[in-house]
Structure formats: structure tokens, C-alpha cells
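What follows is a single structure, written as C-alpha cells, with notes after it.
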Ligand code: CMC
């Protein structure tokens, strides 16, 4: 992003004209730089959901919401479909900015493999959490706790320490995620298999049981890779903004990513994939019809949302939804199975495409609409869907944390507010308050 010196924006307030610089992004879109406005004029801008606010300059992920385009480091997401690279290759691309050479990829993989075990102290803690604990709660808590076991890698400003922390986090997150599931099932914890690649190893950790190795089908492994790749980054979404905000206080990578997990948990963000499945299952079980569901979503007196639809940035079809829908159909064909929930999802989509409520508001399926159906085909239980989203998003959070810390102009994020409460009231002692 550069300052467009030929262009200035002007703000007129109380008869005073304030000149503001205009920044131009790679695609020509413009941003008025108000960063000095408070210091120079004591004026703030108001944008509670940050809808019109760019919080950083970033070269990681590009979205064109009107066209429905998504690129990682400039590469359109469709190019990660078939023939597809591996999730770890995409993680490297996001974090380090370029596709790895063969040697770099091997080194990166070897580092991940060497960090796949959890410290026994951390592993034992799974035995102490209630068996029905939400896996996202476990994931967030365990990310934070990695700082207790890997304190050596917490200092900032050293590239090698960063790589050590990042590779530990990516590798151990997979083991933690699978153990959270096994705890919920009362199953013994399987050790990771260093001979397996990242996604195959995750499936092994989830589903192998003693003396019965889980057989990993090629199509299942590749679908798992695709799911993680498609979730790997999405520029300044809610969880990434949480990671950047926490990171801006110079908090360590583990703490910042734990905050990312917490934000992702919400049903308006990553938790939407679970809500989509609940909705589809309710329709399947006869609890409501697809038409009822559409009517409820349009009813402004009803808080119900059509989960998996709409997006702050996409005002067109989310490209990830398209790829996931096609992948789900492919996996069902390869496995010679079907899922009635896919038919229901297609029907819902069809209804929205003819409905002026959805057309006028540009509400299309987002990543969460079809991801659950594909995850079900892979054999992932619903309570793990958002955890899988987090596993996928982790390299994105790490890349954004790194970019933040590599930026020389980085300062702590500290927004302002418009205070609406009382000023200079007096404290009333409790005995006088009735
Ligand atoms: N169902 C019904 N109406 C909707 C929906 C929906 N899913 N999404 C937006 N609208 C309506 C909204 O009520 C508003 O209507 P009106 O103009 O009459 O007040 C209009 O569309 C604009 O919506 P908005 O709430 O201003 O949009 P937003 O940018 O604040 O919210 C969103 C984006 C994703 C939170 C929202 O679309 C939503 O709640 N979708 C359902 C949850 C979901 O699928 N979340 C996953 C998002 S993608 C992956 C991720 O980020 O994790």
C-alpha cells in the first residue's frame, strides 16, 4: 500500500477543513488515513464493527468481496484445489511469503514431525477436564498452556525462536485437537505417527485405536487437506483481529492464538458450521421444512439466522463454498455414499437464489455452509467442526502475528470510544443508598 500523493481527502468540521492522506491498495482501492487525526485535532472516527476501517497494511491474503475472489499471497484459492498442494505447503506460503522449495518443505515438515508429541504434563491434563468439555475450550486453554511448557520460545524479535514456537504450535495443535475428541469419547490417547503427513497423522490420532490402525483412504486424506487449506487465512476477520490485537501488546504467539480460538468459537464466526448442521438435521428430522427455515431467517422479529449464509466481505458467492460443495459431491461419489443433508443444503440454496430478501442483501453461502457436510463425509463429528476450522486457520493467525511483529511501525492497538455515561458524579456510601 502506498500513499497516493495526488489524492487527499478533506474533512470539514466546525468550519475547519482538515486534509487527510489517502492510501491506495494493490487493487486500487482507497483508504483515508485518519491515524493522526486524534493527535492533531482531538477528533476520533466512529466505526464500532470496523466495517469501514483498515486496521493494518497486509500482503498475506487478498479478497475481492464483490467478485468472490480469494488469494493467498496472490495465488487464487482455486489453484489449491486439484491437483492440490498439501496443507503444510500452504502454511509455509502464508507464514513465510513464498512457496517452499523441496528442501524448505522437507525441513519444515521434519520440524513439525519432531514437535508432534505433547509434554506428558500437558497430556495428563486431558484426564482432568470434564469428559463433555467443549473441544474449543480445551483448544484455547491448551494453546495458552503451551507457553508453560515452551517458555524458551516466548521472547520476541528472534526469527529462529519464532519458527520454533510456530512449528510447535502447528504440530501440537493437531495432537491437542485429536485428544480433545478422544477425551470426549473416553478413548485412550494414541501417539502421533512420525511416518504420516500432517492430515493423515491427524486422522490417525482421531480414529486409530490400540491394535486397530485407522486405514486412511486417499480421498479422505485429500479432502482433509482441502478443508484445512480453504480455512487457512481470510485476512482481517474477527479471530485474526483478536490475534493481532493481543499480539500488538507484544503477547507471545501461543497467547495470541489462544485468543484467536476463543473468537472463532462464536456462532457468527467459526461456530456457524455447527449451527448449519443443527439446522440441516432439524429439517431432515422433520422439525421444520426448508421453507420454514427461510421464512424464519427473513422474519425480523425472530433472531434466527440462516447459518452459513451472508458475509461481511463477500457480496457474492464465497469461493470456498463453491469448492467445498464440489469436493463433498466428489467424496460421496468416490465413497459411493450419499448424505441427505447435502440435498437439503442444495434445496435451501436454491430457495435463497430466487428470494428477493437474499438477492437484495447479497446473501450467498459462505465457507460454513458446505464444510460441515464434507467433514461429516470424512467422519469428523459435529462437535469437532470448529476445531478443524481452528486447525486450518492457525497458519493464517501465525502469518498475521509475524507480519504485525515484522512491521516497524507496529504500535499497541488501543481504540477510542464515544463516552455516553455520566461525568463527575459523586460516590454515595452504601448506608445512604437504601
Ligand atoms: N440470515 C438472515 N439474514 C441475514 C443473514 C442470515 N444468515 N446474514 C445477514 N442477514 C441480513 C441482516 O439481518 C441484515 O438485514 P437488514 O439489512 O434487513 O437489517 C442484512 O442481511 C445485512 O447483514 P449484517 O448483519 O449487517 O451483516 P454483517 O456483515 O454484520 O454480518 C454475518 C455478517 C456473517 C455475521 C451474517 O451474515 C450472519 O450472521 N450470518 C450467519 C452466520 C454465519 O454463517 N457466519 C459465518 C460467516 S463466514 C465464516 C466465518 O467468518 O467464520
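Each value in this text was obtained by applying a stated rule to the coordinates, not by laboratory testing. Quick caveat: nothing in here was measured; it's all calculated off a predicted structure. Glycine gets a Cβ as well: all are built from the backbone with ideal geometry, and neighbour counts include every protein chain shown.
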| request: Could you check, for the range 301-308, whether at least one of its residues is over 27 Å from residue 80 (Cα atoms), more than 8 Å from the ligand (Cβ to nearest atom) and part of a helix (DSSP H, G or I)? | output: no
| Could you list, in sequence order, the residues of the range 383-424 that are part of a helix (DSSP H, G or I) and without any contact (Cβ under 8 Å) to a residue 24 or more places away in the chain? | 406
| message | Any residue that is within 16 Å of the ligand (Cβ to nearest atom), within 15 Å of residue 350 (Cα to Cα), assigned to a helix (DSSP H, G or I) and free of Cβ contacts under 8 Å to residues at least 24 places away in the same chain - is there at least one of those in the range 324-333? | response | no
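Per-residue answers, yes or no, for (1) part of a loop (DSSP other than H, G, I, E, B); (2) away from the ligand (no atom under 16 Å from the Cβ):
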| residue | (1), (2) |
| --- | --- |
| 38 | no, yes |
| 53 | yes, no |
| 56 | yes, yes |
| 82 | yes, yes |
| 88 | no, yes |
| 92 | no, yes |
| 95 | no, yes |
| 103 | no, yes |
| 107 | no, yes |
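Just wondering, is there one or more residues in the range 342-353 that are within 12 Å of the ligand (Cβ to nearest atom) and either surrounded by 17 or more Cβ atoms within 10 Å (Cβ to Cβ) or in a loop (DSSP other than H, G, I, E, B) (or both)? Don't jump to the end; show me each part of the working.
Within the range 342-353, the subset within 12 Å of the ligand (Cβ to nearest atom) is 348, 352.
Retained after the next criterion (residues that are either surrounded by 17 or more Cβ atoms within 10 Å (Cβ to Cβ) or in a loop (DSSP other than H, G, I, E, B) (or both)): 348, 352.
Checking the range 342-353: at least one residue is within 12 Å of the ligand (Cβ to nearest atom) and either surrounded by 17 or more Cβ atoms within 10 Å (Cβ to Cβ) or in a loop (DSSP other than H, G, I, E, B) (or both).
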| request: Would you mind stating whether residue 259 is assigned to a helix (DSSP H, G or I) and more than 9 Å from the ligand (Cβ to nearest atom)? | output: yes
| request: Just need a number here: residues in the range 280-300 that are away from the ligand (no atom under 12 Å from the Cβ) and either farther than 22 Å from residue 367 by Cα or in contact (Cβ under 8 Å) with a residue 24 or more places away in the chain (or both). | output: 12
| Candidate set: the range 309-323, residues that are part of a helix (DSSP H, G or I) and within 10 Å of the ligand (Cβ to nearest atom); chosen: the one nearest to the chain's Cα centre (by Cα) | 320
